[in-house]
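To keep things clear, I will list the structure first and then write my remarks on it.
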Amino acid sequence: MTAVQDAPVRSRSMGLSTWLYRRPRARLAALLAAPVLWLALAYFGALFLLLMTSFYTVDDFTSLPVRAFSLDNYQTIFSNPAYVKVILRTVAIAASVTVIAALLGAPMAFFIAKVVPRRWRGLMVALVVTPLWASYLVKVYAWKTMMQPETGVVAWLLNPFGLSGPGYGVVAVTITLTYLWLPFMILPVYAGLERLPDSMLDASADLGARTGRTLRSVVLPLVYPSIVAGSIFTFSLSLGDYITVQIVGSKTQMLGSVVYGSYTTDLPFAAAMATVPIAIMVAYLAIVRRTGALDSL
Amino acid sequence: MTLSRPAKWAFGLMAMVCLAFIYVPLVVVVINSFNASQVFSWPPQGFTTEWWHAALTNPGARSAALSSVLIAGAATLFALVMGSLVAFALGRYSFFGRQTVSLLIILPLALPGIVTALALRTAFKPWLGTSWEWFGVAVGPTVIAAHATFCIVVIYNNVIARLRRMGTSPEEASMDLGAGVFTTFRLVTFPLIRPALVAGAVLAFGLSFDEIVVTLFTAPADVTTLPIWIFQSLFRPNQGPVVNVVAALLVLISVIPVYLSQKLSGDPGHAGGRM
Amino acid sequence: MQRNRLLRTVTMLGAATLLVAACGNDSGSDGTSTSGASVPDVPMATELGAGEGKINILAWPGYAEDGVAYKKVDWVTPFEEKTGCKASVQIANTSDEMFEKMGTGQFDVVSASGDSSLRMIYAGKVAPVNTDLLTNYADIAEFQKEQAWNSVDGQMYGIPHGWGANLLQWRTDKVKPAPDSWGAVFDPNSPYAGKIGAYDSPTYIADAALYLMSTQPDLGIENPYALNQEQFDASIELLKQQKKILGGYWSNYADNQQNFENGTWVLGTSWQIITNLAQGNGAPVKAILPTEGSTGWADTWMVDSESPNPNCAYEWMNWITNADIQAQVAEWFGEAPANVAACAETSDAGHCDVFHAEDQAYFEKIWFWTTPQSNCLGGSGSDCLPYADWVQGWNSVKNS
């Protein structure tokens, strides 16, 4: 990494190029200045503004933010059991989505990376990636028609067995979110498995391990960071969703729906509510960072 | 890898279940676009191509698609520059705060969409009234800025992975042979990272093209991207069938970018870039 | 070590936020306080210039139809042709959405209902309008002018558009006998549990209060928008009970329409336009004004205080209040037109009678959407819950 910096300096005059060449710090500053400035102003500035707003209150009548420092919004969130319930429900849904996506996605990724003959691999990857390009709304809408009570596809499939299907609600939300974010789980796991040399698996087999043992003791620990990397997306994307829950959730409320439902009437409260998923995600990132998952993104 | 036969069958079965889960709803969308009934119910009651005709001649959908392409293009270009700059800084130098920058940079993608959306709306509010006209459709600087912010991460991830894999020896060799900083970049580094740039750009473009949560919060009044158009049409009476057609079309043309990214990266097993 | 640095960054960011927020204390309020306070000084247009060539319209569904959803329903295109103002229409689903989107210049005009219009005036989001520049102002029904929701101290802040009542809608093939009371959507033992829809807005608390006015007179509710703590709690309790029998909430009209068309819902609150559209698609639905009366809306076209296209905004207000256009909108949406001259132009000659367009007594019976304030509306005291509490109350109903 530092090899470039330490390379011997040549005495050919090439203006700016030489100047830059001799000053790695200047090169670094030139590289970092624009993007860091941009992110700091446009993104972190905005986040910071949102955080600040969460300490304001609103005018009783006009609903405009009043710049007077208070912890009222946070107190409301944590003292009202309804909001605590929403937070817990949302985390539970996001966790379920992540687990289901891992259970469905990891075997799929393994199948593509290690079972399918090499010439089919490209096609299989394409099959997994293609739905990622079909619009988010289209996919949610598809599940709206799938789950429609009585006249939907799922109900139609289940009716012959005397079942009626779950209709709209928490189950529909979980299934739809899993559907939406599944490729985000399969892709990192596939990439991780692809990096895993076959020879390692063969060695395990040569040493007498059966398939199950190899999967458990060799494959799983090695792709674990990739699964965690995938979980960042499945978890975060589910945590902040409000459109899916609006379309297939019936009465179900999630964190996102509370934020969406109150930003028009009580921006400071919505901002306070929005810091909850930020806190959850930052904690989550801090924890998973030790697994090296961030390098497997 | 040598797997036992039952294990192979088990994995095959699970993969088939997974694929069915992925494709059944999409097939339903395509079939439904030929459904004669205005009101959705399964199984379809009759066959019609009326909606396809209506959708293909719908001026709203066409200009929304153009608007999406322009916004995604602008956001991708911007992100390409910014994302590569950060990737080089973090991939080629070690400095105080490097770890923090690398974490902060993925936040726009790792934080839930509604958070980014609300934060950007609050910050961009003074500019929400500004829109530009490009090729006859309205595009918004606020949407482009918002999209670019999370597109940077995608480019960064692809480029830095490539830089790590590539090592520094090609560049060192170039410099040893007397090439300057710019010449080395032009003749050595750039050709080497080009596949990563392409893969990242395709992904960033797709991400922006499809984005709805942040877009709804940051789009000026007269800017209608394709997802906004779909969203509004879903919530307007009797637009359901036309939305079905646009949905079916999007499913069908989504093959193109996938094919492109595999072709351009030169690796058939390539996953089409890293998120 | 990496974790420590992350934690430190987060802590520092948090501390800085607290500091800045705390320092912001004495910089005062960027809002205005309750209705006792003065209205911000926003300049009024004095004369009309040439159109700016474009206009952004924020409207209730059905108010600014451009022929996209229905080819024959189009009064936006002729407006564009006549004035040269290219119109971009966005549909809002709730008053709160309108309130949030106004005041930035993102939109030029809005069709605000009573529960957001006064707030917009006091928040400085809309400009006073010069009625001398409004060609159809003289034809507007007198009982709509200079009302509490569209004017302050005799200064109009918009031009009235139309009004109507929220209705009880049901599927005639599924719900028997036909309901005639709001009790149908509040009955805890309803045979239609799980197939009932309710409107998703804090304003819906007033619908519960209205029902309690007739079923629990001892609560002493005189105005469903002026509730003290006890009356408010009773309304919230009723809504929490109701949530158990609901199939869902709707804030989007097409959502409600679809749910009734495919039978997901069979009973619920609705607007006349939804009933009309569902009937147009062959769904056996009907809607009535129940015996308890109803909440309703009286809408006003208002101009954004930062409007980049004020001339086109006035052009639009003049266009939409023309008698023939008013007739089209009123019949399409199913409401009473504000411009009574429209009554002679409707294709159904009896339209204005059905919707009591010229009937002031009927008009006064509807509880029009209004923003609740701590100074009780109707002057019954100052212990009423303001809108901010209604918002929290509604959140706790939906999350119960």
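Rule-based calculations on the coordinates, nothing more; no lab input. Since this is a predicted model, take the numbers as computed values, not measurements. Every residue, glycine among them, receives a Cβ derived from its backbone with ideal geometry; neighbour counts consider all protein chains shown.
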Q. Across the residues of A:29-37, average count of Cβ atoms on other protein chains within 10 Å?
A. 6
(Q) Compute, for the range B:62-265, the length of the dipole vector about the Cα centre, with Cβ point charges of +1 (Lys, Arg) and -1 (Asp, Glu) only. Units Debye, rounded to 20. (A) 200
Q | Which of C:C384, C:S307, C:Y249, positive extreme of dipole for the protein assembly as shown (C-beta unit charges) | A | C:Y249
**Q.** Value of relative contact order over chain A, rounded to a whole percent, pairs C-alpha under 8 Å and six or more apart
**A.** 23
Q. In nm, to one decimal, how far is the modelled label at B:I253 from the one at C:I288, with both set 7 Å along Cα→Cβ?
A. 5.1
Q. If you place +1 on the Cβ of every Lys and Arg, -1 on the Cβ of every Asp and Glu, and leave all else neutral, what size is the dipole of the protein assembly as shown about its Cα centre, to the nearest 20 Debye?
A. 6840
Q.
Just to verify a number: FRET efficiency for C:D139 and C:D180, C-beta to C-beta distance, R0 = 35 Å, to 0.05?
A. 0.50
Q) Most exposed first by the Cβ proxy, i.e. fewest other Cβ within 10 Å, how do B:I152, A:I112 rank? A) A:I112, B:I152
Q: Could you work out the mean count of beta carbons from other protein chains within 10 Å of each residue's beta carbon in C:258-270?
A: 3
Q. Hey, how many Å between the Cα centroid of the range C:269-303 and the Cα centroid of the range A:76-151?
A. 38
Q) On average, how many beta carbons from a partner chain sit within 10 Å of the beta carbon of a residue in C:87-98? A) 3
Q) What 222 nm value per residue comes from the helices of chain C, counting each DSSP H run with n ≥ 4 as -39,500 (n - 2.57) and dividing by all residues, nearest 500 deg cm²/dmol? A) -10000 deg cm²/dmol
Q. Given springs between every Cα pair under 10 Å in a Gaussian network model of chain B, which of B:A173, B:A61, B:A248 has the largest fluctuation?
A. B:A173
Q. Can you tell which of A:R25, A:R121, A:R216 shows the greatest fluctuation in a Gaussian network model of chain A with Cα springs below 10 Å?
A. A:R25
(Q) Within 15 Å, Cβ to Cβ, of C:F260, how many net charges do the neighbouring residues add up to if Lys/Arg are +1 and Asp/Glu are -1? (A) 0
(Q) Given the -39500 (n - 2.57) contribution per DSSP H run of 4+ residues, what per-residue ellipticity at 222 nm results for chain A, rounded to the nearest 500 deg cm²/dmol? (A) -21500 deg cm²/dmol
Q: With label points built 7 Å along Cα→Cβ from the Cα atoms of B:V81 and C:T77, find their separation and express it in nm.
A: 4.2
Q. Among C:P217, C:P290, C:P160, which one moves the most in a GNM of chain C with springs linking Cα atoms closer than 10 Å?
A. C:P217
Q: Would you mind getting me the FRET efficiency between B:S4 and A:V99? Use the beta-carbon distance for r and R0 = 25 Å, nearest 0.05.
A: 0.40
**Q.** Estimated translational D of the range A:72-296 in µm²/s (Stokes, Kirkwood radius over Cα pairs; 10 °C; 1.306 mPa s)
**A.** 82
Q. Can you give me the Cα centroid spacing of the range C:84-106 and the range B:81-112 in angstrom?
A. 38
Q. Which FRET efficiency value, to the nearest 0.05, is calculated for A:D72 and A:L123 with the Förster distance at 45 angstrom and r the Cβ-Cβ distance?
A. 0.20
Q. Taking square-rooted eigenvalues a ≥ b ≥ c of the alpha carbon gyration tensor, is chain B rounded, prolate or oblate, where a/c under 1.5 means rounded and, failing that, a/b exceeding b/c means prolate?
A. oblate
**Q.** Sequence-distant residues sharing a close amide H with C:V109 (under 5 Å, placed H)
**A.** C:N56, C:L58, C:D304
Q. Calculated from DSSP H runs of 4 or more alone, at -39500 (n - 2.57) each and per residue, what is the 222 nm mean residue ellipticity of chain B, nearest 500?
A. -23000 deg cm²/dmol
Q) So, with +1 on the Cβ of K and R and -1 on the Cβ of D and E, and no other charges, what is the size of the charge dipole of chain C about its Cα centre, to the nearest 20 debye? A) 1840
Q.
Between C:Y362 and A:L157, what is the label-point separation in nm under the 7 Å Cα-to-beta-carbon projection?
A. 5.1
Q: Work from the charge dipole of the protein assembly as shown (Cβ charges, +1 for Lys and Arg, -1 for Asp and Glu, about the Cα centre) and give the residue of C:W394, B:C151, B:L56 farthest towards its positive end.
A: B:C151
